[in-house]
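Working notes for the structure below.
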Amino acid sequence: MRLDPSFIWTAFTLLLSAIPTTLMITAVAMGCGTMIGTSVALIRIYRVPVLHGLAAAYVTFIRGTPMLTHLLLIYFGLPYLIDGLAIQLGWSFRSVSIPMIGFAYISFSITAGAYLSEVIRSGLLAVNKGQLEAAYSIGMTTRQAMKRIVFPQAFAILLPSLSNSTINMLHGTTLAFTVSVVDINAKSQIIASSNWKFFEAYIAAAIIYWGLTILIERITAVIEKRINLYNRGGVA
Amino acid sequence: MIRLKQIQKSFGRHHVLKGIDVNVEKGQVVAILGPSGSGKTTLLRCINFLERPSDGEIEIDGITVQCKRPSKSDIHTLRKQSAMVFQQYNLFRHKTALENVMEGLVVVQKVPKEEARERSIALLKKVGLENKLDAYPSQLSGGQQQRVGIARALALNPKVILLDEPTSSLDPELVGEVLSVIRKIAKEGITMIIVTHEMAFAQDVASHIIFMDDGVIVEEGTPAQLFNFPKEERTRQFLKRYTPDGVYSI
């Protein structure tokens, strides 16, 4: 067996078409995950009755089980739930009409939500309590204070962790191949096995993942520079 | 104008305020003095519900709130009557000096942006920071930050400004600039309640002084009465280390 450098390029060009799938799963999971995570973080910080216990259970279960397990549980479990409900309520909708990628969206959003809730919670708790008090003292409601004062500062604090989570998710999307979603990784396997050039195809995939990761790092750096302007004066 | 009736506050089993009654008239500058742990800061924070009193009644300019079971809107309405200057300044860190002052006007009082901007610039001018409009808190000295804090409080045109040890975290060189700003606004007839350890300042600026110890008001009166002829032994003891101008015990 000899390395065929030119095939790396061939594989690379073939893989480009799978990039949107990978990015889409990452974006949906991070987007929905941020919404879930923010709600869960607020529920836990404000100790909302009943929901608080549920939120804690959600976080510990999801963080305590692998992402692949979530995907399989959703993939095999969700159809039961949906079809059961559909029959009960007389819907014409059946789970077979859910595209495969839909399972990846749902499952990875749930995974991301649990991890992000902790990231967001730490960001919110890191904002000085005096900031909220000052907001109250000028007559803001809790909602206004959160939106205008606490969240913007929390975001600046949690940006590095958020970038980390995004990169984790980008790499985690490779699991989607188990439910037949053709992302970059799945595509590289297909290219590899149909040409019998495994190493070349995986090198091409690695380069693409690395490139996307560098892109995320760059974007983070730009945002960080922008929103951290206010910290430039000193340490306090 | 401001009436506190039988304010009680406990943290767990620790009884911090044991039934405080205070009346403040419009335009009065009231200084609250007392040793650490006497409950003076807690009392001040009860007035805008940053601390929730366990019992009692608070009235500011016709708005009355029963402290035992206040509704969210009660608290919100009461908070809009006052503004606070904090010991740690608590300027919004991600906003410039100008934005800090404008924030309450625009978001809470819904003043149009342009007007809010003009009023805020005028206030920052008043506290001597017209050349720091676009500076972030992290670029300002403690004294400058506190003056922005005062401008932020003034902007809301509140019925009363609550000042919680406004100079305690400043180094001695910067205390003067903040005190002179407070003195200036006191002369304009703005009602203020100040918790402070600056005796000379309290004596000079306040029209009424309250001395607290161990969760109760020990004694109150005009500065002249309290500093020169304290009635209570505890007050005398507290003021012993401070000898006011013109009165020397021989």
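So B:HIS197 fits all but one of (1) more than 14 Å from chain A (Cβ to nearest Cβ); (2) buried (at least 20 other Cβ atoms within 10 Å of the Cβ); what number is the exception?
(2)
Could you list, in sequence order, all residues of region B:153-172 that are touching a residue at least 12 places away in the same chain (Cβ under 8 Å) and more than 18 Å from A:ALA134 (Cβ to Cβ)?
B:LYS159, B:ASP171
Kindly indicate whether any position in region B:2-20 is open to solvent by 40 Å² or more (accessible area, probe 1.4 Å) and of a type in the set (Phe, Trp, Tyr).
yes
Given the criterion within 14 Å of chain B (Cβ to nearest Cβ) and in contact (Cβ under 8 Å) with a residue 40 or more places away in the chain, identify the matching residue among A:PHE108, A:PHE103, A:PHE155.
Every option except A:PHE155 fails the conditions.
Closer than 20 Å to A:ALA57 by Cα and away from every other protein chain (no Cβ under 14 Å): is that true of A:SER122 in this structure?
In short, yes.
Among the residues of region B:184-216, count how many are over 17 Å from the mean Cα position of the chain (by Cα) and assigned to a strand (DSSP E or B).
So the answer is 2.
Within region B:147-165, can you find the residues that are in contact with a Phe, Trp or Tyr (Cβ under 8 Å, 6 or more places away or on another chain) and under 18 Å from B:LEU44 (Cα atoms)?
Hits for region B:147-165 are B:GLY149, B:ASP164.
Let's see how each residue does on (1) touching a Phe, Trp or Tyr at 6+ places or on another chain (Cβ under 6 Å); (2) closer than 28 Å to A:LEU215 by Cα; (3) surrounded by 12 or more Cβ atoms within 10 Å (Cβ to Cβ); (4) modelled with pLDDT of 95 or more:
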position: A:ARG2; (1), (2), (3), (4): no, no, no, no
position: A:PRO5; (1), (2), (3), (4): no, yes, no, no
position: A:ALA27; (1), (2), (3), (4): no, yes, yes, yes
position: A:GLY33; (1), (2), (3), (4): no, yes, yes, yes
position: A:GLY37; (1), (2), (3), (4): no, yes, yes, yes
position: A:ALA55; (1), (2), (3), (4): no, no, yes, yes
position: A:TYR58; (1), (2), (3), (4): no, no, yes, yes
position: A:THR65; (1), (2), (3), (4): no, no, yes, yes
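From the list A:VAL127, A:VAL96, pick out the single residue that is within 14 Å of another protein chain (Cβ to nearest Cβ) and on the phi < 0 side of the Ramachandran plot.
A:VAL127
Can you report the number of residues in region B:102-119 which are assigned to a helix (DSSP H, G or I), facing another protein chain (nearest Cβ under 10 Å) and touching a residue at least 40 places away in the same chain (Cβ under 8 Å)?
Number of matching residues: 4.
Using the structure shown, decide if A:PHE76 is in a helix (DSSP H, G or I) and open to solvent by 50 Å² or more (accessible area, probe 1.4 Å).
Yes.
With under 26 Å from A:ASN185 (Cα atoms), polar (S, T, N, Q) and not in a helix (DSSP H, G or I) as the only criterion, which of A:THR65, A:THR13 stands out?
Just one listed residue meets the conditions, A:THR65.
Return the residues of region B:86-99 that are open to solvent by less than 40 Å² (accessible area, probe 1.4 Å) and at the interface with chain A (Cβ under 9 Å from one of its Cβ atoms); say none if nothing qualifies.
Scanning region B:86-99 gives B:PHE86, B:TYR89, B:ASN90, B:LEU91, B:PHE92, B:HIS94, B:LYS95, B:THR96.
When you look at B:LYS132, is it more than 10 Å from chain A (Cβ to nearest Cβ), of a type in the set (D, E, K, R) and surrounded by fewer than 21 Cβ atoms within 10 Å (Cβ to Cβ), yes or no?
The answer is yes for B:LYS132.
In region B:58-72, what residues are open to solvent by less than 40 Å² (accessible area, probe 1.4 Å) and touching a Lys or Arg at 6+ places or on another chain (Cβ under 8 Å)?
B:ILE58, B:ILE60, B:CYS67, B:PRO70
Kindly indicate whether B:GLU25 is more than 30 Å from B:GLY143 (Cβ to Cβ), surrounded by fewer than 21 Cβ atoms within 10 Å (Cβ to Cβ) and touching a His at 6+ places or on another chain (Cβ under 9 Å).
Yes: the conditions hold for B:GLU25.
Filter region B:52-97 for residues that are at positive phi and not acidic (Asp, Glu) and give the result.
B:GLY56, B:GLY62, B:TYR89, B:ASN90
Based on what the data block shows, is A:ILE36 part of a helix (DSSP H, G or I), within 15 Å of the chain's Cα centre (by Cα), under 23 Å from A:GLU118 (Cα atoms) and aliphatic (A, V, I, L, M)?
yes
Looking at this structure, is B:LEU163 of a type in the set (A, V, I, L, M), assigned to a strand (DSSP E or B), more than 10 Å from chain A (Cβ to nearest Cβ) and crowded, with 20+ Cβ neighbours inside 10 Å?
Yes, satisfied.
Check whether at least one residue in region A:170-190 is within 14 Å of chain B (Cβ to nearest Cβ), modelled with pLDDT under 95 and either open to solvent by less than 10 Å² (accessible area, probe 1.4 Å) or assigned to a helix (DSSP H, G or I) (or both), and report yes or no.
No: region A:170-190 contains no residue that is within 14 Å of chain B (Cβ to nearest Cβ), modelled with pLDDT under 95 and either open to solvent by less than 10 Å² (accessible area, probe 1.4 Å) or assigned to a helix (DSSP H, G or I) (or both).
The values are calculated or read from the model by the stated rules, or taken from the named source; none is laboratory data. Remember, it's a predicted structure, so these values are computed and weren't measured experimentally. Positions of Cβ are backbone-derived with ideal geometry, glycine not excepted, and every protein chain shown enters the neighbour counts. SASA here: full protein model, heavy atoms, side chains in, ligands and nucleic acids out. Shrake-Rupley method; radii C 1.70, N 1.55, O 1.52, S 1.80 Å.
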